[in-house]
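Take a look at the structure below.
The values are calculated or read from the model by the stated rules, or taken from the named source; none is laboratory data. Nothing here was measured: the structure is a model prediction, and the numbers come from that model. Note that we place each Cβ from the backbone using ideal geometry, even for glycine, and neighbour counts take in every protein chain shown.
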Amino acid sequence: MGDNVNTVIGLVKSVTPKSLVVAVVNKKKNMLGKYVTTTTKIHVHDEDCVAVVGDEVEVVSSRPISKQKCWLLHRVIKKQTTSGKE
């Protein structure tokens, strides 16, 4: 990959075949000293369909793959634990 690769960590919000929507939450202080949270949706290309809803993933920027997707799934940091229902 190139020298200017951006990496972002976020939570998977929805999954479709070969595509994810990852929500990235940023927290920062404003001028008054209060914390403000902003959420950004990123469309990610997942070739092997390894991520599920609720996973914490790391994504890297890449060349444009489609109209909205210009991010690739790098790795799954933390898998979503299943509930007691099976």
**Asked** Take the residues of region 27-68 that are among the aliphatic types (A, V, I, L, M) and without any contact (Cβ under 8 Å) to a residue 40 or more places away in the chain: which is surrounded by the most Cβ atoms within 10 Å (Cβ to Cβ)?
**Response** Val44
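Can you tell me which residues in region 69-81 are surrounded by 14 or more Cβ atoms within 10 Å (Cβ to Cβ) and at pLDDT below 90?
Gln80 - this is the single residue of region 69-81 that is surrounded by 14 or more Cβ atoms within 10 Å (Cβ to Cβ) and at pLDDT below 90.
For region 1-57: of the residues being among the acidic types (Asp, Glu) and more than 8 Å from the chain's Cα centre (by Cα), which is nearest to Cys70 (Cα to Cα)?
Restricting to residues being among the acidic types (Asp, Glu) and more than 8 Å from the chain's Cα centre (by Cα), the top hit is Asp46.
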